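These notes concern the structure reproduced below.
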Protein chains: 2
Amino acid sequence: MSKNLEISTLLDYYGMLLTDKQREAIEYYYNDDLSLGEIAAIYNITRQGVRDSIKRAEAVLTEAEEKIGLIRTTKMLAESLAAIRKNVDIIDQRNMRVYRSDEINESIINILKELDRLEEI
Amino acid sequence: MSKNLEISTLLDYYGMLLTDKQREAIEYYYNDDLSLGEIAAIYNITRQGVRDSIKRAEAVLTEAEEKIGLIRTTKMLAESLAAIRKNVDIIDQRNMRVYRSDEINESIINILKELDRLEEI
């Protein structure tokens, strides 16, 4: 079982799909870096029992991303919003420097407001 | 058990979280408008068994939206993208009519490309 960053990310997005106990065990293992033996001692079960429980939780998280794709979509969204913001800045600079149109300025402010809102998703 | 449109939407977003059999039963009921009795006959189980299975599937779908919020987020995204597009159109019209800046025009094209991409999410 390899410990990795990816599981922490999956936990952020899909942790709520796990049972409380599953989430607790997998957080001990991946976020708090406890060993299987240490987690086994907490629950008073075998190391194999902990390993199985973590494996099941991992499967739920991985499958959720395959099926729902929230991490994939959020990454794409962030890239597109950054690209939009860059182009809005170009228009803004051009407008401020050359045209000084209030109408364009107001539209830019509206767009930036929506971008801020979407970046909080 | 009230039949409604909302379950069909939940099925579109989270149907993959159900087992094949759960999904099939709930689709018979909500999308194909079969009665509990008709579905019971297909599986050769009781009406109560079908009802329980559909109830469980509904709980999975409803909980998934509460926890992950994909439908809520998608609606908000669509609203923001429409608002951005409207403001880009205002800038575009102003630019075409008055300033005819190639730089602004190019930025507008880039933004519209990203909006098209995001609308396909």
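The values are calculated or read from the model by the stated rules, or taken from the named source; none is laboratory data. Keep in mind that this is a model prediction, so the values were computed, not measured. As a convention, Cβ positions derive from the backbone with ideal geometry for all residues, glycine included, and neighbour counts pool all protein chains shown. The protein model used for the area step is the full one, side chains on, heavy atoms only, and it has no ligands, DNA or RNA in it. Shrake-Rupley method; radii C 1.70, N 1.55, O 1.52, S 1.80 Å.
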Residue A:113 neighbourhood, Cβ < 15 Å, K/R = +1, D/E = -1, net charge -4
Env charge @ residue A:45, Cβ radius under 15 Å, K,R +1 / D,E -1, value +2
Expressed in square angstrom to the nearest 10, the accessible area of residue A:103 with a 1.4 Å probe stands at 80
Here the residues of the range A:107-121 whose accessible area is at least 10 Å² smaller with all protein chains than in the chain alone (probe 1.4 Å) are A:107, A:110, A:111, A:114, A:117, A:118, A:121
Carbon/sulfur accessible area of the protein assembly as shown, % of total, 1.4 Å probe, equals 48
Going through A:75/B:67; B:21/B:75; A:55/B:55; A:86/B:67; A:75/B:55; A:86/B:113 one by one, the pairs whose alpha carbons sit over 25 Å apart turn out to be B:21/B:75; A:55/B:55; A:86/B:67; A:75/B:55
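Which whole number of Å³ per residue matches the convex hull of the alpha-carbon atoms in the protein assembly as shown?
Numbers: hull volume 39.2 nm³, N = 242.
Spread over its residues, the Cα hull of the protein assembly as shown gives 162 Å³ apiece.
Can you tell me the FRET efficiency between residue B:9 and residue B:100 if r is taken as the Cβ-Cβ distance and R0 is 45 Å, rounded to the nearest 0.05? The partial results should precede the final answer.
Numbers: r = 45 Å, r/R0 = 0.99.
Calculated value: 0.50.
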With every protein chain in place, the accessible area of residue A:62 for a 1.4 Å probe, in Å² rounded to the nearest 10, comes to 60
Rounded to the nearest 100 Å², the accessible area hidden between A and B, summed over both chains at a 1.4 Å probe radius, is 3300
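Tell me, what is the per residue accessible area of chain A in Å², probe radius 1.4 Å? Walk me through the intermediate numbers first.
Numbers: 6980 Å² over 121 residues.
Per residue, chain A has an accessible area of 58 Å².
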Counting only protein heavy atoms and leaving out ligands, DNA and RNA, the solvent-accessible surface of residue A:13 at a 1.4 Å probe, in Å² to the nearest 10, equals 60
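Can you give the FRET efficiency for residue B:38 and residue B:63, using 1/(1 + (r/R0)^6), R0 = 25 Å, r = Cβ-Cβ distance, to the nearest 0.05?
Numbers: r = 27 Å, r/R0 = 1.09.
With R0 = 25 Å, the Cβ-Cβ based efficiency is 0.40.
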The rounded separation in angstrom of the Cα centers of the range B:53-86 and the range A:86-121 is 29
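For the range A:72-119, what is one quarter of the convex hull surface built on the Cα atoms, given in nm²?
On the way: hull surface 12.0 nm².
Convex hull of Cα atoms, orientation-averaged projection: 3.0 nm².
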Computed over the range A:8-65, the distribution of all Cα-Cα distances in 5 Å bins, rounded to whole %, is 4, 22, 34, 23, 12, 4, 0
One computes Rg over Rh for the range A:20-121 from alpha-carbon atoms, with the Kirkwood Rh, and obtains 1.35
